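Where a number appears in this text, it was derived from the coordinates with a stated rule and is not lab data. These numbers come from a predicted model, not from an experiment. Reconstructed Cβ throughout: ideal geometry from the backbone, glycine too, with neighbour counts over all protein chains shown.
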């Protein structure tokens, strides 16, 4: 392998009581990339991230981050990483500059570098006009920029961003992602968790997590190319009867209504899917139009999590037990 | 290893936050001023003017003399006259009076008989302090006897050391320093870590290289400074308003106060690591406050407590501080004479700081 791996973990597991939050996770994250965790709430994204930066002790498994063994060497790691929590974690009752100044001192930046770094960061994240403002009065987007500024002030090699854009408007999210790519360009590796599909698609590598299990791990483009379903768009005049008809059919893996259209994922087992749909639906709607379309990351996500949900419970409990003992 | 830069980061952050917290600033100065004025004037163990009702069935010159002698003692205040015992009992029951004076119809005859009491005091015994005061009344001489020379029957003569005027404030004010510091200091730090946890700041803090010790010390130091202000404020008010003497060394008073402040702060920190919410932390602070105030010797003399209670109170920092501060301030004792008490405080501080540091993990699990 010619690319340096920043994070490597093997058989990483963590349980809270009887709940298996993370289940035998293997990860390998290359340097200078944005690696995304996509998954619903409770899929183990935050737990994994916290274990990787040493905030949580794994129930079992090995973790190596930046060549350090975690959690044993977690304190050494702290100097080299930046972390942005899901919830805004800076002090509401300090000004923007005071928060940054606190973080600079917390990372022991030398006096001269400190002022210079703070000035740099303020301009980079367009926070100059807000310098003296009380942090609690900032807008969601401004708070998020400040969090990123605070997390990168000490120039970390690795950034952990736990759902950094939840509750932030689309324009702020776009700007935020531009900043992330700039950081990667500077040599930073970023691990980001999200449940926004458009963000997931922008990552270099993407792991889809579901109930603590990694169900996919590839570049978004490859994931889309390798999707195990045919995707069709169906237009017609009477959507509801079409939906009812499709619902009876086990080969239809998923469908989603978009206004007057349906997006349908069909099992690859069917040899000629367009004809199949035509035969199935033509008797219901005369003005039917069926077009094959390219899959999206959302389709990939649906497929990946679908597989897991339909797994028989017995099999699931076997894997859970194995990780415990 | 403690990094001075990171310690400074935490210290400065606490000061910034404190500066904007008007309510807390108000409490820092308001609590000592209000409490010293309130308790300095209010707490008084010299009981005077106990409400008393009289049933004078004799209604003679001697009985009226007895009543005026009683009033002249300033211990009782006659609030009314009744005709029956039942009325006295009713007034005692409702709490209108604490003493009922019963002068029987044959008062004159009884006065002549030395083997029988001439009159009776009915006392509400629920408050031992009032009961004790009422008992003092029994030493009152018969009115007509006061003209005669009587043989001296005193076994002891008492000389009051250190507080010749027997003013309660002299005892109360130094004690209040300890009580006020306990109240403010424990509360300040008991909520400090929990608040960070509740507001989500802790997840950020534990991801920085700031160590547990740096965090603990950085949170304690600003309050030590505040404690010094409070001690100065109370001492100044005590000397100016209540004329409390400072017999011992002022420097030693401050040394003792500093150790005591630190002990309370570390105790608060320990609570903060144990509590999940600010409310729980406050409950723990109150849990320690009440026994401190009641059992430390601030309110009641230590000597009256059962041995087991005395052992328990030895664990409270306020107990040792009360002995130190009264010793140095009122009796002019030197610190070297009271060294075991100071060592006890230092020991308490070190143990709680160690426990708090041990309890606080830079982990979420």
## Note on the structure
At the level of C-alpha centres, the distance separating segment B:28-58 and segment A:1-49, in angstrom, is 68 Å
#### Entry: Contour minus Cα-Cα distance for residue A:128 and residue A:87 (0.36 nm per residue)
12.4 nm
## Note on the structure
Using alpha carbon centers only, segment B:288-310 is separated from segment B:208-261 by a whole-angstrom value of 23 Å
### Task
Write down the Å³ per residue value for the convex hull defined by the alpha carbon atoms of segment A:254-305.
92 Å³
### Query
If all Cα-Cα distances of the protein assembly as shown are sorted into 10 Å bins from 0 onward, what percent lands in each bin, rounded to whole numbers?
3, 11, 16, 15, 13, 11, 9, 7, 6, 5, 3, 1, 0, 0
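Taking Rh as the Kirkwood radius, which is the inverse of the mean 1/r over Cα pairs, what is the Rg/Rh value for segment B:205-295?
Numbers: Rg = 16.5 Å, Rh = 15.5 Å.
Result: Rg/Rh = 1.07.
Share of Cα-Cα pairs in segment A:139-216 beyond 20 Å, in percent?
Values: 945 of 3003 pairs.
Summing the P(r) tail past 20 Å for segment A:139-216 gives 31 percent.
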### Message
As I understand it, the value is the acute angle between the Cα axis of helix B:168-199 and the longest principal axis of the Cα atoms of chain B; what does it come to in degrees, rounded to 10?
### Response
30 degrees
### Message
Using only the Cα atoms of segment A:202-255, what semi-axes does the equivalent ellipsoid have when each is the square root of 5 times a gyration tensor eigenvalue? Give whole Å, largest first.
### Response
30, 14, 10
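Just subtract the alpha-carbon distance of residue A:274 and residue A:237 from 0.36 nm times their residue separation and send over the number in nm, one decimal.
Details: separation 37, 0.36 × 37 = 13.32 nm, distance 1.87 nm.
Once the chain is fully extended between residue A:274 and residue A:237, it gains 11.5 nm.
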### Summary
Using the Cα gyration tensor of chain B, the equivalent ellipsoid's semi-axes, largest first and to the nearest Å, work out to 55, 22, 17
### Message
Taking every pair of distinct Cα atoms and averaging 1/r, then inverting, what Kirkwood hydrodynamic radius in Å comes out for segment A:1-83?
### Response
13.2 Å
### Query
Where does helix B:278-295 land angle-wise versus the long Cα axis of chain B, in degrees 0 to 90, nearest 10?
40 degrees
### Message
Please list, by residue number, everything in segment A:65-84 whose backbone N is under 18 Å from a paramagnetic label point 7 Å out along Cα→Cβ of residue B:212.
### Response
A:71-78
### Task
State the dimensionless ratio Rg/Rh of segment B:220-260 (Rg: radius of gyration of Cα atoms; Rh: Kirkwood radius).
1.01
### Message
Tell me whether segment B:243-307 comes out rounded, prolate or oblate; compute the Cα gyration tensor, take square roots of the eigenvalues as a ≥ b ≥ c, and use a/c under 1.5 as the rounded threshold.
### Response
oblate
### Summary
Expected sort for A:63, B:247, B:82 with the fewest Cβ neighbours (10 Å cutoff) up front is B:247, B:82, A:63
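Indicate, rounded to the nearest 5 percent, the antiparallel portion of the DSSP beta bridges found entirely in chain A.
Details: 39 of 57 bridges.
Around 70 percent antiparallel, to the nearest 5.
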### Summary
Fewest-first ordering of B:34, B:173, A:190 by Cβ atoms within 10 Å yields B:34, A:190, B:173
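Would you mind ranking B:127, A:285 by Cβ crowding within 10 Å, fewest neighbours first? The partial results should precede the final answer.
Details: B:127 14, A:285 17.
By the 10 Å Cβ count, ascending: B:127, A:285.
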### Query
Over what distance in Å are the Cα centres of segment A:180-215 and segment A:256-278 separated?
29 Å
### Query
Taking every residue in A:46-57, how many Cβ atoms of other protein chains lie within 10 Å of its Cβ, on average?
3
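Given the -39500 (n - 2.57) contribution per DSSP H run of 4+ residues, what per-residue ellipticity at 222 nm results for chain B, rounded to the nearest 500 deg cm²/dmol?
Details: 14 runs with 230 residues, N = 365.
Helix contribution divided over all residues of chain B: -21000 deg cm²/dmol.
I need the calculated FRET efficiency for the pair residue B:89 and residue B:156, taking r as the beta carbon distance and R₀ as 41 Å, to the nearest 0.05.
On the way: r = 37 Å, r/R0 = 0.90.
With R0 = 41 Å, the Cβ-Cβ based efficiency is 0.65.
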### Summary
If one compares the long axis through the Cα atoms of helix B:212-242 with the longest principal axis of the Cα atoms of chain B, the angle in degrees, nearest 10, works out at 30 degrees
### Message
How large are Rg and Dmax for segment B:166-233 when calculated on the C-alpha trace, in angstrom?
### Response
16.6, 59
## Note on the structure
Quick numbers on segment B:226-365, Rg and Dmax over C-alpha atoms in Å, give 16.4, 55
### Task
Enter the mean number of other protein chain beta carbons within 10 Å of the beta carbon of each residue in A:72-81, as an integer.
2
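What value, in deg cm²/dmol to 500, does the helix sum -39500 (n - 2.57) over DSSP H runs of n ≥ 4 give at 222 nm once divided by the residues of chain A?
Values: 12 runs with 122 residues, N = 325.
That comes out to -11000 deg cm²/dmol.
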#### Entry: 10 °C / 1.306 mPa s Stokes-Einstein diffusion coefficient of segment A:28-166, Kirkwood radius on C-alpha pairs, µm²/s
99 µm²/s
## Note on the structure
Debye calc, one equal point scatterer per Cα of chain A, no solvent, log10 I(q)/I(0) at q = 0.08 1/Å comes to -0.46
